[in-house]
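Working notes for the structure below.
We did not get these values from a lab; they are worked out from the coordinates using the rules stated. Quick caveat, the model's predicted, so the values are computed rather than measured. Quick reminder, even Gly has a Cβ in these numbers, built from the backbone with ideal geometry, and neighbours come from all protein chains shown.
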Amino acid sequence: MTRRTRRYGDGGGGVHFSHSNSRSSILLIVLGTLLLVAYLHGGSGFGGIRDISRVEGDFSCTLEVERAIPVLKEAYGDSMHKVLHIGPDTCSVASKLLKEDATEAWGVEPYDIEDADTKCKGLVRKGIVRVADIKFPLSYRPKSFPLVIVSDALDYLTLKYLNKTLPDLVRVSAEGLVVFTGTPGRKIAKVTEVSKFGRAAKFRSSTWWVRYFGQTNLEENGAAAKKFEQASTKTSYTPSCQIFHLKSLH
């Protein structure tokens, strides 16, 4: 757009324009600038575009959870009526789940929410969303939620804390834990994100995760995984993140 302005607006090459055309060109430039700013900021005029995640500077697995809600409902049925989500931007997931029929939803935000919007802070005041360091046990009783979903958060944990956090997430689930993680090769966290999350995200391969689950005696929920795959095919849903289905402890 800038190059076109220079080519047509400088009157070069012996081409002359009327004042009316010049004013029209200026108006188009201003309008285009406003549209670009609105697009980059994901304003409401564009349906709240959120292609760029605050989590990694790239696609967010928390946004992937929101996309996957219809598929998760197909796979988990009644378990989706009471859900705990854990991860950055959990207010967004909790808000979307609460709009579903007969669904109770809670969230745990592992990081600071000083920059959160008014709606998110409202969910915190109501006790729907908690801010908690997931490196330590969550203040929920065992099997408090039929289904627990975690996204993005595990990618920022060292192995030391992963060994403590993952079993605790399984502990508070009654019927299953769904893990959304990034894939190797994705863009790492920016410097500003490192200061917030404490370290850059470490995206582990599916092979690594499967081996890790086996070593920590966490069993795949094969029935749920199969239903999820079938529902994905039915709805033409293609995940942008790795998704693992784990059984709860009994």
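Some observations on this one:
- A straight chain from residue 117 to residue 234 at 0.36 nm per residue would run longer than the Cα-Cα distance by 38.6 nm.
- With K and R counted +1 and D and E -1, the other residues having a Cβ less than 13 Å from that of residue 231 yield a net charge of +3.
- Kirkwood Rh in Å, taken over the stretch 61-246 so that all alpha-carbon pairs contribute: 16.7
- Loop-located GluC sites (Glu not before Pro) in the stretch 93-162 (DSSP state not H, G, I, E or B) with no more than 12 neighbouring Cβ atoms inside 10 Å: 114.
- The slack between residue 99 and residue 207, meaning 0.36 nm per residue of separation minus the straight C-alpha distance, is 35.3 nm.
- Computed FRET value (nearest 0.05) for residue 223 with residue 135, which takes r as the C-beta separation and R₀ as 45 Å: 0.90
- Residue-count net charge about residue 142 - beta-carbon cut-off 13 Å; Lys, Arg +1, Asp, Glu -1: +1
- Ranked for footprinting exposure by Cβ neighbours inside 10 Å, fewest first, 168, 101 give 101, 168.
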